[in-house]
Each structure stands twice: as C-alpha cells, then as structure tokens.
Amino acid sequence: MEYAVSREGTTLVTLHEGTDTTACSAAAEKLSEQLAALESSVSVEEWSVIETDVYEHPAAPFDPYTVVATFRMTIAVDADTESEAAERGAVTIDRMLEAGPLESITYTGEAAVSAV
C-alpha cells in the first residue's frame, strides 16, 4: 500500500541581507531552492517553507543574518502497515536532508502518515 509520509522541521539559513524582512524572504527562497535540488530515489510529493524568523541579527555591519526556517517535506512510501511507512519515511527524509546542504536540522515532531 502507498502512504504519504510528512516531516516538519527547522533549519538555519545564513546569509547577508539589509533588513529583517529581506533576510527572511531570501532565506525562504534559498531553502526552497535547496529543497528542490535534493536528490532522492523516492518521490518527493511536496515540500514547503512554512515560516521564517530571524534567529541571530548581524553583530556588525557586514556580518550575516542567521534565519530559522520551518519546512515540511512529504514523500511517497510503499509499506504494508502505517507504522512501517512512518519509520521508513522518517529514515528516508532524514537521509535526504542530511545529504543536502541544510544546517542544524531539528524535527518539530514525529512523522505524519496518511494512506494515499
């Protein structure tokens, strides 16, 4: 049976921008590009940047912003049971994100599973 497995998490995005607003917008765009570029042997059904907020302001005029970005990723998983799909999907998403360029990934909860 096919299941959709989703994970929400946060990551840090470091960049040079002029204001809090432009830093958050640029961080969302950068994270979107990074998520879109992830390579995987499984089908990524959906990914989205949910929210951004300044984590650390620049300490000096030419220092970067650090922005915390909340994201959600959903993949398709074939499994016999919902619990097997949750475990397999969580591991697959972990590996995809760890292999990518994201910094300091923290998950905000357990994997969510729904039958497709």
Filter result for Val13 (closer than 15 Å to Ser104 by Cβ, out of contact with any Asp or Glu (no Cβ under 7 Å at 6 or more places or on another chain) and of a type in the set (A, V, I, L, M, F, W, C)): yes
Selection from the stretch 1-19 of residues that are of a type outside the set (A, V, I, L, M) and either surrounded by 11 or more Cβ atoms within 10 Å (Cβ to Cβ) or within 14 Å of the chain's Cα centre (by Cα) (or both): Glu2, Tyr3, Ser6, Arg7, Glu8, Gly9, Thr10, Thr11, Thr14, His16, Glu17
Subset of the stretch 21-47 [part of a strand (DSSP E or B) and either of a type outside the set (D, E, K, R) or farther than 30 Å from Glu82 by Cα (or both)]: Val44, Trp47
Tally of residues being more than 16 Å from Ile105 (Cβ to Cβ) and free of Cβ contacts under 8 Å to residues at least 40 places away in the same chain across the stretch 27-43: 5
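Condition first: under 28 Å from Glu17 (Cβ atoms) and not hydrophobic (A, V, I, L, M, F, W, C). Can you find one or more residues in the stretch 82-100 that meet it? Full working, then the answer.
Kept after step one, since they are under 28 Å from Glu17 (Cβ atoms), are these residues of the stretch 82-100: 96-100.
Cutting the leftovers down to not hydrophobic (A, V, I, L, M, F, W, C) gives us 98, 100.
Yes.
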The lone exception for Gly18 - which of (1) in a helix (DSSP H, G or I); (2) at pLDDT below 95 it fails: (1)
Test for Thr70: is it assigned to a strand (DSSP E or B), crowded, with 20+ Cβ neighbours inside 10 Å, out of contact with any Pro (no Cβ under 9 Å at 6 or more places or on another chain) and β-branched (Val, Ile, Thr): no
Selection status of Thr22, more than 22 Å from Ala112 (Cβ to Cβ) and exposed (fewer than 14 other Cβ atoms within 10 Å of the Cβ): yes
Matching residues in the stretch 25-40 - criterion: being surrounded by fewer than 18 Cβ atoms within 10 Å (Cβ to Cβ) and touching a Gly at 6+ places or on another chain (Cβ under 8 Å): Ala37, Leu38
Condition broken by Leu35, with the remaining ones in (1) within 27 Å of Tyr65 (Cβ to Cβ); (2) modelled with pLDDT under 95; (3) over 16 Å from the mean Cα position of the chain (by Cα) satisfied: (3)
Condition broken by Ser43, with the remaining ones in (1) surrounded by fewer than 13 Cβ atoms within 10 Å (Cβ to Cβ); (2) closer than 28 Å to His16 by Cα satisfied: (2)
Near pairs, Cβ below 9 angstrom, 6+ apart or cross-chain, from the stretch 79-104 (more than 18 Å from Ala4 (Cβ to Cβ)) to any residue that is assigned to a helix (DSSP H, G or I): Gly100/Gln34; Gly100/Leu35; Gly100/Ala37; Pro101/Gln34; Pro101/Ala37; Leu102/Leu31; Leu102/Gln34; Leu102/Leu35
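The values are calculated or read from the model by the stated rules, or taken from the named source; none is laboratory data. Not measured: the values here are computed from a predicted model. When we count neighbours, we look across all protein chains shown, and the Cβ atoms used for this are built from the backbone with ideal geometry, even at glycine.
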